[in-house]
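Report on one structure; see the data block that follows.
The values are calculated or read from the model by the stated rules, or taken from the named source; none is laboratory data. In this text, all values refer to a predicted model and were calculated from it rather than measured experimentally. Neighbour counts run over all protein chains shown; Cβ positions are idealised from the backbone, glycine included. These area figures cover heavy atoms from the full protein model, side chains too; ligands, DNA and RNA do not enter into them. Shrake-Rupley method; radii C 1.70, N 1.55, O 1.52, S 1.80 Å.
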Amino acid sequence: MNELRTQSQYLKDDRMVIGRLLPGTSLIKGIEKICLDHEINYGTIVTAIGSLEHGDVVWALSDHSAKLGIKYSEPTQIHGPLELLGCQGMIGLSPDKKLNIHMHGVMSDPHLKVYGGHFIETGNTVLATVEIMIKHIKGVE
């Protein structure tokens with residue numbers, strides 16, 4: 001696994017974290033590290049922008065046999081370099097108390113083609129930087 005390289009600062013009055021994921025860091029794992037560094041179990045990813053070596057996403061597909069009428073696609077890797085144009089998401093603990101990052105976003109390739117989806121835990125390696133803002137939410141489960 002790649003080294004998780006991050007920088008972040010917690011703004012106590014606003015319960016906000018301003019952070020940066022450095023080159024070679026996994027997007028989701030880097031966000032997890034920032035959350036662990038600042039003891040964030042619940043929150044929102046207000047925004048994330050930057051660049052990725054490649055993007056790894058899934059998206060919803062119709063599936064009438066599924067309980068909710070959808071299923072997720074197989075993971076797709078979008079080849080980079082990519083501009084990470086914007087992301088948002090939720091941070092929470094699963095029933096087994098594992099930190100869960102649920103993030104969606106859009107990115108563009110060198111030909112300005114835009115892609116979007118649900119970012120998966122693997123892949124999504126930071127190219128130059130990803131800058132992120134996280135709002136810490138207390139008193140919720």
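A few remarks follow.
- Accessible surface computed residue by residue for region 40-141, with neighbouring protein chains in place and a 1.4 Å probe, gives 57 Å² per residue.
- Within the full protein context, the accessible area of residue 96 is estimated at about 110 Å² for a probe radius of 1.4 Å.
- Considering only 98, 67, 12, the Gaussian network model of the chain with Cα springs below 10 Å gives its largest mean-square fluctuation to 67.
- Where labels lie 7 Å past Cα in the beta-carbon direction, separation of residue 74 and residue 112 in nm: 3.3
- Most positive-pole-ward Cα, 51, 72, 41, against dipole of the chain from beta carbon charges: 41
- Residue list for region 8-33, given a label point 7 angstrom along the Cα-to-Cβ vector of residue 102 and an amide N cut-off under 20 Å: 27-33
- Stretched out straight at 0.36 nm per residue, the stretch from residue 46 to residue 138 would grow longer than its current Cα-Cα span by 31.6 nm.
- Checked against a 27 Å cut-off, the cross-linked pairs 12/97; 98/135; 67/98; 33/71; 67/113 give Cα-Cα distances beyond that limit for 33/71; 67/113.
- With a Förster radius of 30 Å applied to the C-beta separation of residue 54 and residue 15, the computed FRET efficiency comes to 0.35.
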